[in-house]
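Let me give you the structure first, and then I'll get to my questions.
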Amino acid sequence: MTNARKHLFGPVPSRRFGRSLGVDLTPFKTCTLDCIFCQLGRTTNRTLARQEYVPTAEVEAEIDAWLKDGGKADYITLAGSGEPTLHSRFGEVIRYARERAGMPVALLSNGTLFALPEVREAAQAASVVKLSLSAWDQDSFEHVNRPHPGLNLARMVEGYRAFRREFQGKLWMEVFLIGGTNSVPRDVERIAALVESIAPDEIHLNTAVRPPAEEFAFPVPRREMEALAGLFTPAAKAIAEFPSDKSADVAANEGTILAMLRRRPCTAQQIAGVFGMHPNEVSKYVGKLLRTGKVRAQTTGPDVYYVAGCGRDASREGSTGKRER
Ligand code: SF4
């Protein structure tokens with residue numbers, strides 16, 4: 001009865017949106033970022049080029065066909081295989097969906113193009129806009145989100161503030177936390193300060209509970225997420241859907257600790273925080289890694305950092321060393 005749909009998916013149950021009909025405006029995987037935690041895998045087309053990636057008329061015809069078939073949902077949501085604001089006519093799709101379906105429309109965007117007035121203008125048609133912010137400076141932005149070289153975090157955040165002033169709908173901010181990368185409380189406080197300056201209506205904390213693009217993108221345990229939520233104003237909601245307490249927490253072992261240290265030197269305290277372990281347990285694993293030569297200790301000021309491997313690993317990690325805190 002119904003033609004196969006190329007640009008719509010669902011409706012799928014969503015914690016934030018109830019039954020949500022997804023609209024996908026980009027081919028897989030076209031994005032301005034290549035986030036280490038992306039559940040879609042690595043970005044194959046990292047671009048800033050805004051164009052009509054899929055024909056707007058085709059998307060609108062599919063919405064009409066879905067409605068004709070009796071389609072019902074609580075929300076229509078622009079999301080999918082990449083960044084929806086890369087589609088040069090996404091604003092028209094939002095307006096069309098709202099008018100034809102009479103349903104609220106949510107735009108789930110990484111926010112990188114909100115420095116552009118034309119993107120902010122088009123996004124105003126949405127009922128809810130969710131933007132992302134998981135870094136506090138250009139260096140951490142490049143580490144966590146691996147942006148297109150033409151992107152600048154400060155300009156992006158300025159665009160968020162401008163949008164907040166212009167937008168009459170609900171503005172939500174999503175902060176994605178990765179164990180040992182951007183989840184240290186001091187860094188979360190820096191993200192929280194930026195988020196507060198934007199004044200969103202709601203703040204959502206998420207973490208890598210689904211398989212991420214990179215194996216070193218560890219989830220933050222539920223109890224730590226809940227504690228970090230209190231650093232935000234207004235207090236954030238931890239929205240990550242942990243399959244269960246047991247499986248959400250990464251089972252710490254030599255392998256997972258070594259994988260983290262390969263990406264970023266950490267102190268024993270930081271390792272304990274990431275994995276929710278007792279410091280004595282950290283000592284046990286780190287002691288074994290030291291004895292077998294897989295990691296070495298490096299003293300920086302009052303702290304002892306553990307660094308993975310030999311000279312090659314250490315020099316590779318040197319570039320992230322400036323992020324140490
Ligand atoms: S912005 Fe979203 S789609 Fe793009 S790489 Fe990051 S998580 Fe994936």
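Among Leu289, Phe17, Leu151, whose Cα lies farthest out toward the positive end of the dipole of the chain, if unit charges sit on the beta carbon of Lys, Arg (+1) and Asp, Glu (-1)?
Leu289
Kindly report the accessible area of the chain per residue (heavy atoms of protein chains, probe 1.4 Å, no ligands, DNA or RNA), in Å².
The answer is 44 Å² per residue.
Moving to a separate point now. Short version: ³J(HN,Hα) in whole Hz for each residue of segment 43-53, in order, from phi by Karplus 6.51 cos²θ - 1.76 cosθ + 1.60 (θ = phi - 60°), x for Gly and Pro, what are they?
Working through the residues one at a time gives 6, 9, 10, 8, 8, 10, 6, 8, 7, 7, 4 Hz.
Here's a follow-up. Before rounding to the nearest 500, sum -39500 (n - 2.57) across all DSSP H runs of length at least 4 in the chain and divide by the residue total; then give [θ] at 222 nm in deg cm²/dmol.
Estimated from H runs of four or more residues: -11000 deg cm²/dmol.
Ok, one more. May I ask what percent, to the nearest 5, of DSSP beta bridges between residues of the chain are antiparallel?
30 percent
For Lys294, give me every one of the aspartates and glutamates with a C-alpha distance below 19 angstrom, ignoring sequence neighbours fewer than eight places off in its own chain.
Excluding near neighbours in sequence, the set is Glu215, Glu254, Glu281, Asp313, Glu317.
So what's the gap between the Cα centers of segment 213-245 and segment 88-148, to the nearest angstrom?
Cα centroid of segment 213-245 versus Cα centroid of segment 88-148: 22 Å apart.
Sticking with this one: Mean projection of the alpha-carbon convex hull of segment 8-249 over all orientations, in nm²?
Projected over every direction and averaged, the Cα hull of segment 8-249 covers 12.0 nm².
Quick one: which of Lys170/Lys237; Lys6/Lys170; Lys130/Lys237; Lys29/Lys72; Lys6/Lys29; Lys6/Lys68 span more than 23 angstrom between C-alpha atoms?
Lys6/Lys170; Lys29/Lys72
In whole percent, how big is the carbon plus sulfur part of the accessible area of segment 8-249, probe 1.4 Å, protein atoms only?
Within segment 8-249, the accessible surface is 50 percent carbon and sulfur.
Sticking with this structure for a sec: Over the chain, what is the mean sequence separation of C-alpha contacts under 8 Å (at least six apart), divided by residue count, expressed as relative contact order in percent?
13 percent
Do any chymotrypsin sites (Phe, Trp or Tyr not before Pro) in segment 1-108 lie in a loop, going by DSSP, with at most 15 other beta-carbon atoms within 10 Å of their beta carbon, and if so which?
Within segment 1-108, the qualifying chymotrypsin sites (Phe, Trp or Tyr not before Pro) (loop, at most 15 other Cβ atoms within 10 Å) are Phe28.
About its Cα centre, what dipole magnitude does the chain give when the only charges are +1 on Lys and Arg Cβ and -1 on Asp and Glu Cβ, stated in debye to the nearest 20?
Once rounded to the nearest 20, the dipole reads 620 debye.
Check His204: other-chain or 5+ apart residues with amide H under 5 Å from its amide H, H built from backbone geometry?
Met173, Glu174, Val175, Lys237
When the chain is modelled as a GNM with alpha-carbon springs shorter than 10 Å, which of Asn110, Asn182, Asn45 fluctuates the most?
Of Asn110, Asn182, Asn45, the most mobile in the Gaussian network model is Asn45.
The values are calculated or read from the model by the stated rules, or taken from the named source; none is laboratory data. Only a predicted model underlies this, so the values are computations on that prediction, with no experimental measurement involved. Backbone-built Cβ (ideal geometry, glycine too); neighbour counts: all protein chains shown. These area figures cover heavy atoms from the full protein model, side chains too; ligands, DNA and RNA do not enter into them. Shrake-Rupley method; radii C 1.70, N 1.55, O 1.52, S 1.80 Å.
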